[in-house]
Amino acid sequence: MTTAFYSHPDCRGHDMGRGHPECPDRLDAIEDHLRAIGLADMLEQREAPLATAGALALAHSEGHVGELSAVLQRVAAEGRHRALDADTTATPGTWAAVARAAGAAVAATDAVIDGEVENAFCATRPPGHHATRDQAMGFCFFNNVCVAARHALEVRGLSRVAIVDFDVHHGNGTEDIVAGDERMLMVSIFQHPLYPGTGAAPLGDNMVNVPVPPYSRGPAVRALVEQNWMARLDAFRPEMIFISAGFDAHRDDELAQLGLVEADYTWMTERIKAVADKHASGRIVSCLEGGYNLGALARSVAAHLRVLSGT
Ligand SMILES: [Zn+2]
């Protein structure tokens, strides 16, 4: 069994400008490193398709899907930029990139459920976990992981799916969409306080929010994961696991102050994979979220992929 690697050149066309950390170079850094260490050849390379409006509406209100799609298509047609918030800008390439990012997550879900591959990683951007049901924010437009997780439930007929979010920022958008939906369990760690400032008080019983103080390092984070995530994941018995895979808790990342290293991402992926192997026939779809130091991002993704692919 293999690990699929989904991406698309359109994901590089979303460019919010010089100096913006969520930049096209992130994907080049990942793919260059995977080729350099020979890991790219061990993965099944797949092209991300475009998401449909119907798929996006699994996680977002139809009104929001219609309005944001129209804005992004207008920006693409007019060739101008339009700021949606202080750090989230629609650019001419954004519409194609967001459609590929969500489309990759849905296609990866189908490929894993159909048994074509054991698990999948989506090396796509923009990220998604800050996108709420009705709002684009924090570098995010549509919530790729939530779209895919709802697709697994609503379209593919699964009963229980878990979302694991180890990005350094709280996945407020995912919580907004998932809280109260008892078919879903979300477990996360995030630095607190930090953007977007949410997460300390969970919005539902199906949320396992684990705020981590700044300057925490690997051993402390691993202990919190072990204490807070594992029993809940085991009791929930997910039929599939989705990962919001942000690598900005790395000690070299300048957007936050946590001290994880590559070995911590290896360990975390092993713990998640153990749950998937026990309850979910190994089914995992992992989607890139943050990670802004290009070297640390590339090495951490490789560590994550080595565990997923068993190589
Ligand atoms: Zn982040």
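Bear in mind that the values in this text are calculations on the coordinates, not laboratory data. Just so we're clear, the structure is a prediction, and the values are computed from it rather than from any experiment. Glycine also receives a Cβ, built like all others from the backbone with ideal geometry; neighbour counts cover every protein chain displayed.
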With a ≥ b ≥ c from the Cα gyration tensor eigenvalues, square-rooted, and the rule rounded for a/c under 1.5, otherwise prolate when a/b > b/c and oblate otherwise, the range 201-311 is oblate
Taking θ = phi - 60°, what integer Hz values does the Karplus form 6.51 cos²θ - 1.76 cosθ + 1.60 yield along the range 184-196, in sequence order, with x for Gly and Pro? 10, 10, 10, 10, 8, 10, 6, 5, 9, x, 5, 3, x
Rounded if a/c is under 1.5, else prolate if a/b is larger than b/c, else oblate: which is the range 1-115, with a ≥ b ≥ c the root eigenvalues of its Cα gyration tensor? oblate
If you take the square roots of the eigenvalues of the alpha-carbon gyration tensor of the chain and sort them as a ≥ b ≥ c, do you get rounded (a/c under 1.5), prolate (a/b over b/c) or oblate? rounded
Using the crude model of +1 on Lys and Arg Cβ and -1 on Asp and Glu Cβ, and no other charge, please compute the dipole size for the range 192-311 relative to its Cα centre, in debye to 20. 280 debye
What helix-only [θ] at 222 nm does the chain give? Using -39500 (n - 2.57) per DSSP H run of at least 4, over all residues, to the nearest 500, the answer is -12000 deg cm²/dmol
Roughly how big is the range 112-225's charge dipole about its Cα centre, with Cβ charges of +1 (Lys, Arg) and -1 (Asp, Glu), in debye to the nearest 20? 280 debye
With a point put 7 Å past each Cα toward its Cβ, work out how far Thr311 is from Ala53 in nm, to one decimal. 4.0 nm
To the nearest Å, what is the center-to-center distance of the range 234-311 and the range 74-144, using C-alpha atoms only? 19 Å
Which of the listed residues, Leu194, Ala108, Ala231, is farthest toward the dipole's positive end in the chain, when Lys, Arg count +1 and Asp, Glu count -1 at the beta-carbon? Ala231
Comparing Ala149, Ala76, Ala123 in a Gaussian network model of the chain (Cα, 10 Å), the one with the largest mean-square fluctuation is Ala76
Which value, in debye to the nearest 20, describes the size of the charge dipole of the chain about its Cα centre when Lys and Arg Cβ atoms bear +1, Asp and Glu Cβ atoms bear -1, and nothing else is charged? 180 debye
Give a quick list of trypsin sites (Lys or Arg not before Pro) in the range 38-123 that DSSP marks as loop, anything other than H, G, I, E or B, with at most 16 other Cβ atoms within 10 Å. Arg80
Of all DSSP beta bridges in the chain, what percent run antiparallel (nearest 5)? 10 percent
In order over the range 20-27: 3J(HN,Hα) from phi, Karplus 6.51/-1.76/1.60, θ = phi - 60°, whole Hz, x for each Gly or Pro, gives 6, x, 8, 10, x, 4, 4, 6
Coil-residue chymotrypsin sites (Phe, Trp or Tyr not before Pro) of the range 72-141, DSSP, other Cβ within 10 Å capped at 13: none
Just to be sure I understand: of the beta bridges DSSP finds with both ends in the range 99-231, what percent are antiparallel, rounded to 5? 10 percent
Loop by DSSP (not H, G, I, E, B), at most 12 other beta-carbon atoms within 10 Å: where is the longest site-free stretch of the chain for GluC sites (Glu not before Pro)? 1-181
